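The values are calculated or read from the model by the stated rules, or taken from the named source; none is laboratory data. Here the structure is a predicted model, which is why all the values come from computation and not from measurement. So basically every Cβ, Gly included, is an ideal-geometry build from the backbone, and we count neighbours across all protein chains shown. The protein model used for the area step is the full one, side chains on, heavy atoms only, and it has no ligands, DNA or RNA in it. Shrake-Rupley method; radii C 1.70, N 1.55, O 1.52, S 1.80 Å.
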Amino acid sequence: MQSTGEPTNEGRTASPGDGSPPVNSPQWWDDYFVTDWEANHGSAQTRHFMERLVASLPELARPHFARERATILDWGCAHGEGVDVLAKAFPGARVRGLDVARNAIATARTRYPQHEFVVADGTDDGAAATRADVVVCSNCLEHFEQPWPVAERVAALAEQVLVLLVPLEEQEPLCASHCVRFAANDFPQHLGALHRVAMRRVAVDAAFW
């Protein structure tokens, strides 16, 4: 989905002025995963969103996930719950997780040692190590003031299918770390070499959204 224009809350990624890192910067996320992620039920939310994403996959996309030895990347994997959900749903696939926050990846590797997790290097989003048949990006794009250049870089990692899940028509005021509000008719027809083949609303538990 495409941003409705300018970021809804200007300065959301600016430094707070107290010496702490800018909101949504890699260092901010590194700190957030240590201090606030679990307090805000981040891991449970991540698992729930990925379970709903898997349950809502269009039928034309599902064979790409289910194919034996398919590679699946969870872009923005946090503590790895989404990777675990994908691996259980598609046991024949190789599922990996990628995140910019080193603390998140360290926790993911501890919780789910059977899976592979990669730290994004900040320049190519881990492209050298993480191209995959299928790339899933769940609830990440809203944290970028310019989400579509980011989405195009994510799309470049996908050999066959890209699945994006974003908060839809979020009520104002936005969540403190959200930079844009996505509308139902805004998703672009193309991201890089990929073209849109399906779009749907995904119902989630109101306790999480």
Problem set entry | Residue list for the range 164-190, filter: closer than 25 Å to Asp30 by Cα and outside any loop (DSSP other than H, G, I, E, B) | Leu164, Leu165
For this session: Please enumerate the residues belonging to the range 24-36 that are open to solvent by 30 Å² or more (accessible area, probe 1.4 Å) and assigned to a loop (DSSP other than H, G, I, E, B).
Result: Asp36
Seminar exercise, completed: Thr71 vs (1) open to solvent by 60 Å² or more (accessible area, probe 1.4 Å); (2) over 17 Å from Ala101 (Cβ atoms); (3) not hydrophobic (A, V, I, L, M, F, W, C): all pass except (1)
For this session: Test Glu51 against the stated conditions and say whether it is farther than 18 Å from Leu162 by Cβ, open to solvent by 50 Å² or more (accessible area, probe 1.4 Å), modelled with pLDDT of 95 or more and assigned to a helix (DSSP H, G or I).
Result: yes
Exercise. Can you find even one residue in the range 179-202 that is buried (at least 20 other Cβ atoms within 10 Å of the Cβ) and within 14 Å of the chain's Cα centre (by Cα)?
Worked result: no
Exercise. Would you say Val161 is open to solvent by less than 60 Å² (accessible area, probe 1.4 Å) and without any contact (Cβ under 8 Å) to a residue 40 or more places away in the chain?
Worked result: no
